[in-house]
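Down below is the structure, laid out as C-alpha coordinates.
The values are calculated or read from the model by the stated rules, or taken from the named source; none is laboratory data. In this text, all values refer to a predicted model and were calculated from it rather than measured experimentally. Backbone-built Cβ (ideal geometry, glycine too); neighbour counts: all protein chains shown. We work out accessible area using only protein heavy atoms, side chains counted, and drop any ligands, DNA or RNA first. Shrake-Rupley method; radii C 1.70, N 1.55, O 1.52, S 1.80 Å.
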Amino acid sequence: MCLLSGAAGGIDDPSMRTVVIAGGTRGIGRALADSLDADVIRLGSADADLTSVTETRALIARLPDRIDALVLSAGCFSRRRIVTGEGHERTFAIGVLARYLLADGLRPALERAPDPMILNLCGVGGIRAGRVHWDDPTLTRGYSLLTATMQVARSNDLLGAGFADRYPGSPIRYVLYNPLFVDSGMHRHFDQPARALVGGAAKVFGMPVTKAATPLKALLDAPPPAPLTALRRGVPVPLPDPADAARLYELIRTTVY
Ligand SMILES: NC(=O)c1ccc[n+]([C@@H]2O[C@H](COP(=O)([O-])OP(=O)(O)OC[C@H]3O[C@@H](n4cnc5c(N)ncnc54)[C@H](OP(=O)(O)O)[C@@H]3O)[C@@H](O)[C@H]2O)c1
(Lines give C-alpha, C1' and ligand atoms only; values in the text may rest on other atoms or scores of the structure.)
Protein backbone atom coordinates (compact mmCIF):
# COMPACT_ATOMS: atom_id res chain seq x y z
CA MET A 1 0.00 0.00 0.00
CA CYS A 2 1.24 3.46 -0.86
CA LEU A 3 0.17 6.17 1.56
CA LEU A 4 -1.15 8.21 -1.36
CA SER A 5 -3.46 5.41 -2.44
CA GLY A 6 -4.48 4.17 0.99
CA ALA A 7 -5.74 6.23 3.89
CA ALA A 8 -3.54 6.27 6.98
CA GLY A 9 -4.90 3.74 9.42
CA GLY A 10 -6.66 1.99 6.57
CA ILE A 11 -5.05 -1.38 7.10
CA ASP A 12 -6.28 -3.85 4.49
CA ASP A 13 -6.40 -6.82 6.88
CA PRO A 14 -6.18 -6.22 10.67
CA SER A 15 -4.60 -9.65 11.22
CA MET A 16 -1.65 -8.73 8.95
CA ARG A 17 1.49 -7.03 10.19
CA THR A 18 1.86 -3.40 9.17
CA VAL A 19 5.32 -2.46 7.93
CA VAL A 20 6.20 1.14 7.10
CA ILE A 21 9.15 1.50 4.72
CA ALA A 22 10.54 5.01 4.35
CA GLY A 23 12.27 4.68 0.99
CA GLY A 24 10.00 1.82 -0.06
CA THR A 25 9.45 3.10 -3.59
CA ARG A 26 12.88 2.23 -5.01
CA GLY A 27 16.00 0.21 -4.56
CA ILE A 28 16.47 -2.03 -1.52
CA GLY A 29 13.36 -0.69 0.22
CA ARG A 30 11.14 -1.53 -2.74
CA ALA A 31 12.63 -5.02 -3.12
CA LEU A 32 12.04 -5.61 0.58
CA ALA A 33 8.45 -4.32 0.30
CA ASP A 34 7.80 -6.69 -2.61
CA SER A 35 9.07 -9.66 -0.59
CA LEU A 36 6.96 -9.17 2.54
CA ASP A 37 3.76 -10.92 3.49
CA ALA A 38 2.37 -7.86 5.29
CA ASP A 39 0.49 -4.63 4.77
CA VAL A 40 3.38 -2.52 3.56
CA ILE A 41 3.22 1.26 3.45
CA ARG A 42 5.84 2.27 0.89
CA LEU A 43 6.87 5.85 1.43
CA GLY A 44 8.63 7.88 -1.24
CA SER A 45 9.12 11.52 -2.03
CA ALA A 46 5.58 11.73 -3.48
CA ASP A 47 4.20 11.02 0.01
CA ALA A 48 6.35 13.56 1.84
CA ASP A 49 9.64 15.32 1.35
CA LEU A 50 11.69 13.72 4.09
CA THR A 51 14.32 16.44 3.77
CA SER A 52 11.76 18.66 5.50
CA VAL A 53 11.24 18.42 9.25
CA THR A 54 7.77 19.92 8.87
CA GLU A 55 6.70 17.46 6.17
CA THR A 56 8.18 14.52 8.07
CA ARG A 57 6.19 15.46 11.16
CA ALA A 58 2.99 15.83 9.11
CA LEU A 59 3.61 12.43 7.53
CA ILE A 60 4.01 10.79 10.95
CA ALA A 61 0.59 12.12 11.93
CA ARG A 62 -0.94 10.42 8.84
CA LEU A 63 0.45 6.97 9.58
CA PRO A 64 -1.45 4.16 11.36
CA ASP A 65 -1.58 4.08 15.14
CA ARG A 66 -0.25 0.50 15.25
CA ILE A 67 2.86 -0.39 13.31
CA ASP A 68 4.77 -3.66 13.58
CA ALA A 69 7.96 -2.56 11.89
CA LEU A 70 9.56 0.63 10.63
CA VAL A 71 12.24 0.40 7.95
CA LEU A 72 14.48 3.44 7.46
CA SER A 73 15.77 3.27 3.90
CA ALA A 74 15.20 6.74 2.40
CA GLY A 75 18.21 8.76 1.42
CA CYS A 76 19.70 10.93 -1.25
CA PHE A 77 23.14 12.22 -2.12
CA SER A 78 24.52 15.27 -3.80
CA ARG A 79 27.90 16.34 -5.09
CA ARG A 80 27.00 19.93 -4.22
CA ARG A 81 26.05 21.17 -0.77
CA ILE A 82 22.29 21.83 -0.74
CA VAL A 83 20.59 23.62 2.12
CA THR A 84 16.88 22.93 2.64
CA GLY A 85 14.32 25.70 3.05
CA GLU A 86 14.52 24.99 6.79
CA GLY A 87 18.28 25.59 6.82
CA HIS A 88 19.53 22.00 7.08
CA GLU A 89 22.17 20.35 4.91
CA ARG A 90 20.03 18.05 2.76
CA THR A 91 21.94 14.76 3.18
CA PHE A 92 21.83 15.17 6.96
CA ALA A 93 18.18 16.26 6.88
CA ILE A 94 16.91 13.11 5.16
CA GLY A 95 19.56 10.72 6.42
CA VAL A 96 19.57 11.70 10.09
CA LEU A 97 16.86 14.19 11.11
CA ALA A 98 14.03 12.38 9.28
CA ARG A 99 15.15 9.00 10.65
CA TYR A 100 15.29 10.39 14.15
CA LEU A 101 11.83 11.96 13.77
CA LEU A 102 10.28 8.81 12.28
CA ALA A 103 11.68 6.52 14.99
CA ASP A 104 10.79 8.93 17.76
CA GLY A 105 7.38 9.92 16.39
CA LEU A 106 6.26 6.39 15.50
CA ARG A 107 7.49 4.85 18.75
CA PRO A 108 4.01 4.88 20.39
CA ALA A 109 2.51 3.19 17.29
CA LEU A 110 5.30 0.59 17.31
CA GLU A 111 4.83 -0.08 21.01
CA ARG A 112 1.19 -1.04 20.34
CA ALA A 113 2.40 -3.99 18.24
CA PRO A 114 3.29 -7.32 19.87
CA ASP A 115 6.82 -7.69 18.48
CA PRO A 116 7.97 -4.30 17.16
CA MET A 117 11.22 -3.45 15.47
CA ILE A 118 13.06 -0.68 13.66
CA LEU A 119 15.37 -1.69 10.82
CA ASN A 120 17.80 1.08 9.88
CA LEU A 121 19.69 0.55 6.62
CA CYS A 122 22.87 2.42 7.23
CA GLY A 123 26.64 2.33 7.28
CA VAL A 124 27.08 0.50 10.55
CA GLY A 125 30.70 -0.03 11.43
CA GLY A 126 31.33 0.01 7.72
CA ILE A 127 33.70 2.76 6.90
CA ARG A 128 36.04 4.12 9.50
CA ALA A 129 36.27 7.50 7.79
CA GLY A 130 32.73 8.27 8.89
CA ARG A 131 32.53 10.82 11.66
CA VAL A 132 30.15 13.43 12.97
CA HIS A 133 31.44 16.97 12.46
CA TRP A 134 30.31 18.15 15.87
CA ASP A 135 31.48 21.74 15.38
CA ASP A 136 30.04 22.01 11.85
CA PRO A 137 27.32 19.36 11.24
CA THR A 138 25.88 21.26 8.28
CA LEU A 139 29.33 21.08 6.67
CA THR A 140 29.67 24.75 5.83
CA ARG A 141 33.42 24.10 5.77
CA GLY A 142 34.65 21.34 3.50
CA TYR A 143 31.49 19.75 2.09
CA SER A 144 31.94 16.79 -0.21
CA LEU A 145 29.60 13.96 -1.19
CA LEU A 146 31.82 11.51 0.67
CA THR A 147 32.07 13.65 3.82
CA ALA A 148 28.29 14.14 3.93
CA THR A 149 27.54 10.47 3.24
CA MET A 150 30.02 9.26 5.83
CA GLN A 151 28.66 11.66 8.44
CA VAL A 152 25.17 10.24 7.84
CA ALA A 153 26.51 6.67 8.07
CA ARG A 154 28.20 7.33 11.38
CA SER A 155 25.19 9.24 12.71
CA ASN A 156 22.84 6.35 11.97
CA ASP A 157 25.08 4.01 13.93
CA LEU A 158 24.70 6.44 16.82
CA LEU A 159 20.92 6.79 16.38
CA GLY A 160 20.64 3.04 16.91
CA ALA A 161 23.10 3.01 19.79
CA GLY A 162 21.18 5.76 21.57
CA PHE A 163 17.65 4.46 21.05
CA ALA A 164 17.62 1.85 23.80
CA ASP A 165 19.20 4.28 26.28
CA ARG A 166 16.65 6.89 25.38
CA TYR A 167 13.70 4.54 25.81
CA PRO A 168 14.69 1.97 28.45
CA GLY A 169 12.14 -0.81 28.73
CA SER A 170 10.72 -0.23 25.25
CA PRO A 171 9.85 -3.52 23.51
CA ILE A 172 11.17 -2.12 20.22
CA ARG A 173 14.20 -3.97 18.87
CA TYR A 174 16.50 -1.71 16.86
CA VAL A 175 18.58 -3.27 14.10
CA LEU A 176 21.35 -1.42 12.30
CA TYR A 177 22.11 -3.11 8.99
CA ASN A 178 24.73 -2.22 6.41
CA PRO A 179 23.96 -4.14 3.20
CA LEU A 180 27.33 -3.07 1.68
CA PHE A 181 27.41 -2.53 -2.09
CA VAL A 182 24.01 -3.18 -3.70
CA ASP A 183 22.99 -2.66 -7.33
CA SER A 184 20.02 -0.54 -6.28
CA GLY A 185 20.11 2.14 -8.96
CA MET A 186 21.46 4.68 -6.49
CA HIS A 187 24.00 5.82 -9.10
CA ARG A 188 21.23 8.03 -10.50
CA HIS A 189 22.07 10.47 -7.67
CA PHE A 190 25.47 11.16 -9.26
CA ASP A 191 26.43 13.39 -12.19
CA GLN A 192 28.30 11.99 -15.15
CA PRO A 193 30.87 10.48 -15.43
CA ALA A 194 30.45 9.15 -11.85
CA ARG A 195 26.92 7.94 -12.69
CA ALA A 196 28.18 5.65 -15.45
CA LEU A 197 31.18 4.48 -13.39
CA VAL A 198 29.20 3.72 -10.22
CA GLY A 199 26.36 2.15 -12.25
CA GLY A 200 28.82 -0.08 -14.09
CA ALA A 201 30.60 -1.06 -10.88
CA ALA A 202 27.26 -1.83 -9.21
CA LYS A 203 26.29 -4.15 -12.07
CA VAL A 204 29.56 -6.07 -11.68
CA PHE A 205 30.26 -5.94 -7.94
CA GLY A 206 26.94 -4.97 -6.35
CA MET A 207 24.50 -7.43 -4.87
CA PRO A 208 21.13 -7.58 -6.68
CA VAL A 209 18.38 -5.84 -4.68
CA THR A 210 16.27 -8.98 -4.40
CA LYS A 211 19.21 -10.82 -2.84
CA ALA A 212 19.96 -7.88 -0.51
CA ALA A 213 16.32 -7.92 0.62
CA THR A 214 16.34 -11.60 1.64
CA PRO A 215 18.17 -11.24 5.01
CA LEU A 216 16.19 -8.08 5.75
CA LYS A 217 12.92 -9.97 5.31
CA ALA A 218 14.27 -12.67 7.66
CA LEU A 219 15.04 -10.03 10.30
CA LEU A 220 11.55 -8.55 10.01
CA ASP A 221 9.98 -12.02 10.23
CA ALA A 222 11.99 -12.87 13.38
CA PRO A 223 13.40 -9.78 15.12
CA PRO A 224 16.59 -10.51 17.09
CA PRO A 225 16.02 -10.56 20.86
CA ALA A 226 18.54 -7.86 21.86
CA PRO A 227 17.39 -4.21 22.11
CA LEU A 228 20.13 -3.28 19.61
CA THR A 229 21.78 -5.42 16.93
CA ALA A 230 24.41 -4.14 14.49
CA LEU A 231 25.09 -6.18 11.36
CA ARG A 232 27.24 -5.70 8.30
CA ARG A 233 25.74 -7.90 5.58
CA GLY A 234 24.52 -10.23 8.32
CA VAL A 235 27.77 -10.34 10.31
CA PRO A 236 27.63 -8.81 13.82
CA VAL A 237 29.88 -5.80 14.35
CA PRO A 238 30.74 -3.94 17.60
CA LEU A 239 28.13 -1.52 18.83
CA PRO A 240 28.89 2.21 18.68
CA ASP A 241 29.78 4.22 21.77
CA PRO A 242 26.63 5.26 23.74
CA ALA A 243 28.36 8.48 24.89
CA ASP A 244 28.69 9.66 21.30
CA ALA A 245 25.09 8.60 20.72
CA ALA A 246 23.88 10.82 23.57
CA ARG A 247 25.85 13.68 22.08
CA LEU A 248 24.17 13.18 18.70
CA TYR A 249 20.69 13.07 20.24
CA GLU A 250 21.45 16.36 21.96
CA LEU A 251 22.68 17.87 18.69
CA ILE A 252 19.48 16.75 16.93
CA ARG A 253 17.30 18.01 19.76
CA THR A 254 18.80 21.48 19.47
CA THR A 255 18.50 21.31 15.65
CA VAL A 256 14.85 20.31 15.27
CA TYR A 257 13.21 21.88 18.33
N1 LIG B 1 22.79 0.75 -2.31
C2 LIG B 1 23.86 0.49 -1.57
O3 LIG B 1 24.89 0.00 -2.06
C4 LIG B 1 23.84 0.80 -0.09
C5 LIG B 1 24.94 0.43 0.69
C6 LIG B 1 24.92 0.71 2.06
C7 LIG B 1 23.83 1.37 2.61
N8 LIG B 1 22.78 1.71 1.82
C9 LIG B 1 21.66 2.42 2.43
O10 LIG B 1 20.46 1.72 2.16
C11 LIG B 1 19.39 2.65 1.99
C12 LIG B 1 18.66 2.37 0.70
O13 LIG B 1 19.58 2.51 -0.37
P14 LIG B 1 19.12 2.37 -1.89
O15 LIG B 1 20.37 2.31 -2.67
O16 LIG B 1 18.09 1.31 -2.03
O17 LIG B 1 18.44 3.81 -2.14
P18 LIG B 1 17.69 4.36 -3.42
O19 LIG B 1 17.55 3.31 -4.47
O20 LIG B 1 18.38 5.62 -3.80
O21 LIG B 1 16.21 4.70 -2.86
C22 LIG B 1 16.06 5.79 -2.04
C23 LIG B 1 14.64 5.89 -1.52
O24 LIG B 1 14.57 7.12 -0.78
C25 LIG B 1 13.44 7.85 -1.22
N26 LIG B 1 13.70 9.29 -1.18
C27 LIG B 1 14.72 9.96 -1.77
N28 LIG B 1 14.59 11.28 -1.53
C29 LIG B 1 13.46 11.44 -0.80
C30 LIG B 1 12.79 12.55 -0.23
N31 LIG B 1 13.26 13.79 -0.38
N32 LIG B 1 11.69 12.33 0.50
C33 LIG B 1 11.19 11.09 0.67
N34 LIG B 1 11.78 9.98 0.17
C35 LIG B 1 12.89 10.16 -0.56
C36 LIG B 1 13.21 7.44 -2.66
O37 LIG B 1 11.86 7.72 -2.97
P38 LIG B 1 11.42 8.28 -4.44
O39 LIG B 1 11.88 7.26 -5.40
O40 LIG B 1 9.95 8.36 -4.34
O41 LIG B 1 12.09 9.59 -4.59
C42 LIG B 1 13.55 5.96 -2.61
O43 LIG B 1 12.43 5.20 -2.22
C44 LIG B 1 20.02 4.05 2.04
O45 LIG B 1 19.84 4.57 3.31
C46 LIG B 1 21.48 3.80 1.80
O47 LIG B 1 22.30 4.76 2.44
C48 LIG B 1 22.75 1.45 0.48
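Tabulated data for the structure shown
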{"read-out": "DSSP bridge orientation in segment 18-256 - percent antiparallel, rounded to nearest 5", "value": "10"}
{"read-out": "Accessible surface of the chain, 1.4 Å probe, proportion on carbon and sulfur as whole %", "value": "56"}
{"read-out": "Dimensionless Rg/Rh of segment 18-256 - Kirkwood Rh, Rg from C-alpha atoms", "value": "0.93"}
{"read-out": "Helix-only mean residue ellipticity at 222 nm for the chain, each DSSP H run of n ≥ 4 adding -39500 (n - 2.57), per residue, nearest 500", "value": "-11500 deg cm²/dmol"}
{"read-out": "Top positive-direction residue, dipole computed over the chain with Cβ charges, set T149, A22, Y100", "value": "T149"}
{"read-out": "Debye, to nearest 20: dipole size of the chain, +1 on Lys, Arg Cβ, -1 on Asp, Glu Cβ", "value": "780"}
{"read-out": "Cut-off under 5 Å, modelled amide H: who pairs with V71 long-range", "value": "V20, I21, A22, L119"}
{"read-out": "Per residue solvent-accessible surface (Å²) - segment 18-256, probe of 1.4 Å", "value": "43"}
{"read-out": "Where chymotrypsin sites (Phe, Trp or Tyr not before Pro) fall in DSSP loop in segment 137-198, at most 16 other Cβ within 10 Å", "value": "F181"}
{"read-out": "Residues of segment 50-83 with amide N under 19 Å of the 7 Å Cα→Cβ point at D221", "value": "68-71"}
{"read-out": "Low-density loop cleavage sites - trypsin sites (Lys or Arg not before Pro) in segment 146-241, where at most 15 other Cβ are within 10 Å (DSSP)", "value": "R233"}
{"read-out": "Kirkwood hydrodynamic radius of segment 30-163, from inverse mean 1/r over distinct Cα pairs, in Å", "value": "15.6"}
